[in-house]
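Have a look at the structure below, then the notes.
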Amino acid sequence: MIVAILGGGASGMAAAISAAENPECSVHLFERQSRVGRKLLSTGNGRCNLSNTNASPESYHGAQPEFVIPALTRYNVDSTLTFFHGLGLYTVTESDTGRIYPWSDQASSVLDVLRFALEKPNITLHAACEINKVRKADRGFRLESAEGSFHCDRLIVACGGLAGTALGGSMSGYQLLRSLGHKCSRLHPALVQLKSGYPRCPSLKGIRALSKLLITCNDQPIVSGQGEVQFTQYGLSGPAIFEVSRHVCQKPGQWVCHIDLLPELEVSDVLPLLKSRRNNCPTLEASELLIGILHNRLGRILVQEAGIGASAPMAQVSDRELQLLAELCKNFSLSITEPMGMDSAQVTAGGILTQDFDPQTMESRLCPGLYACGEVLDIDGDCGGYNLQWAWSSGRVAGHAAGREEP
């Protein structure tokens, strides 16, 4: 029996290794780039956050987020760690976040053990080979590429999503599955930075702040989050922003990000701190009011936003101005114009509709012998290793199902 897998990313490699556990199965892995796993090397800022101990169905999104339950139950985080430890990867778990990384802190370690696992007699890797057309044959499938045609009994589409186009993201998986009768929901970037119309963004570039945030549209709350926010030349980034980004600018309106820069304090706690600074340093410039409380550059900009003369002595700052400054620390509001594009996104939200696949096997309900896994499906996870866990789980389900002998 011949199983073909299209896509040598995380889910495709997991599927190939799993299908090849049946020694009677001949597995052919097709990757359109010159090597497998290129996108994997960039995950987790090059560290590869390969899973999270907190992974659960609540961490996933799509039209049918419950679709993930069978795969995540069968191949859960413990199973994933056993899988990778069996391949020779040593891992470490962050106790506070649940994020799991290779002990080496290098994404290349994860890719290397996967590449080694692909070195099996019944796995053939076809690198730099793009399948541009698939036809259902009388028995199995006919795959067409610039190099010629190939026949397989079962086919797994693991081409990934559109996100990260510079690293290999493409429309190919969606197009191939559409040609076999499947439908695709609207695609938009997730786990991505947000652009802001706030004119002082360049002055804030590089500042990081542990914050709570609330995204509103036309003054109506849309989504909230917390964690590290990073200010950039063009707007906002960081884990807390990635977490909420899939919800932003999905309809017309006035979008605003409200940032609580002192989430552990109330305005009533901040105000005495500012009064104490004014009273203890009456001759110091007002621009220094937030020194020791917030990042220096951020504090100076908030002072300007409060309408306080930056070069005036603190003694001249009124209680009303201090009240306004305290409130700004708790609600620093930046307009949001749009998310960054697919080039910058870590994950694609939307994809091939899961309603037409069996979640127990990842097999198509429309086209027997066809399977799909990973990001090409309408499933995306939160920031923190959840998307790679879905790739491993769904890829292993598809691989084992496609690689099994006929009953």
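For the pair Glu130 and Leu87 in one chain, pulling the backbone fully straight at 0.36 nm per residue adds 12.7 nm over the alpha carbon distance. Surface exposure of the chain, expressed per residue as accessible area with a 1.4 Å probe, stands at 42 Å². Across segment 308-313, coupling constants 3J(HN,Hα) worked out from phi with the 6.51/-1.76/1.60 Karplus curve, θ = phi - 60°, read 8, x, 4, 8, 6, x Hz, and Gly and Pro carry x. With the whole protein complex present, Arg200 retains an accessible surface near 70 Å², based on a 1.4 Å probe.
Angle of helix 296-305 to the longest C-alpha principal axis of the chain, folded into 0 to 90 degrees and rounded to 10: 70°. For the Cα trace of segment 1-132, dividing Rg by the Kirkwood Rh returns an Rg/Rh value of 0.97. A simple spin-label model places the labels of Arg200 and Leu265 1.7 nm from each other, with each point 7 Å out along Cα-to-Cβ. Using θ = phi - 60° in the Karplus curve 6.51 cos²θ - 1.76 cosθ + 1.60, the 3J(HN,Hα) couplings for segment 354-361 round to 6, 4, 9, 10, 7, x, 6, 10 Hz; x is entered for Gly and Pro. Based on Cα atoms of the chain, Rg over Rh with Rh as the Kirkwood radius reads 1.09.
Tell me which of Pro239, Tyr75, Val134 sits at the most positive position along the dipole axis of the chain, charges placed on C-beta atoms (Lys, Arg +1; Asp, Glu -1). Checking the options against the dipole of the chain, the answer is Val134. Distance distribution P(r), segment 93-133, all Cα-Cα pairs, bin width 10 angstrom from 0: 22, 32, 27, 16, 3 percent.
At q = 0.12 Å⁻¹ the log10 of I(q)/I(0) for segment 225-309 amounts to -0.48, computed by Debye summation with a single uniform scatterer per C-alpha, solvent ignored. Amide H contacts of Ala349: His188, Ala190, each under 5 Å away and 5 or more positions distant or on a separate chain (H built 1.01 Å from N in the peptide plane; Pro and chain starts excluded).
Rounded to 0.05, the FRET efficiency of the Ser104 and Tyr234 pair, given R0 = 30 Å and the Cβ-Cβ distance, is 0.35. Surface composition of the chain: carbon and sulfur make up 49 percent of the accessible area, probe 1.4 Å.
In the chain, Cα pairs under 8 Å separated by at least six residues give a relative contact order of 26 percent. All C-alpha to C-alpha distances of segment 265-341, sorted into 10 Å bins beginning at zero, yield P(r) values of 20, 54, 17, 7, 2 percent in whole numbers.
For segment 18-73, the spread of Cα positions along the three principal axes, ordered from largest to smallest, is 36, 33, 23 Å. In terms of the mean number of neighbouring beta-carbon atoms within 10 Å, the peptides 291-304, 88-101 order highest first as 291-304, 88-101. Pop the C-beta distance of Ala137 and Arg404 into the FRET formula with R0 = 35 Å and round what comes out to the nearest 0.05. Taking R0 as 35 Å, the efficiency between Ala137 and Arg404 is 0.95. For the residues Phe116, Phe67, a 1.4 Å probe over the protein chains yields an accessible-area ranking, largest first, of Phe116, Phe67. Only helices enter the 222 nm calculation for the chain: every DSSP H run of n ≥ 4 contributes -39,500 (n - 2.57), and dividing by all residues gives -8000 deg cm²/dmol, rounded to 500.
Based on alpha carbons, the Rg and Dmax found for segment 323-407 are 20.1, 74 Å. Each of Cys373, Cys281 has its accessible area taken with a 1.4 Å probe; listed largest first, they run Cys281, Cys373. Its residue count N sets the reference 2.2 N^0.38 Å, and the alpha-carbon radius of gyration of segment 260-407 equals 1.85 times that reference. Amide H contacts for Lys183 (H built 1.01 Å from N in the peptide plane; partners 5 or more residues away or on another chain; cut-off under 5 Å): Leu353.
The convex hull of the Cα atoms of segment 182-268, projected and averaged over all directions, covers 7.0 nm².
The values are calculated or read from the model by the stated rules, or taken from the named source; none is laboratory data. Not measured: the values here are computed from a predicted model. Neighbour counts are summed over all protein chains in view; Cβ atoms, including those assigned to glycine, are modelled from backbone coordinates with ideal geometry. With ligands, DNA and RNA removed, areas are computed over all heavy atoms of the protein, side chains included. Shrake-Rupley method; radii C 1.70, N 1.55, O 1.52, S 1.80 Å.
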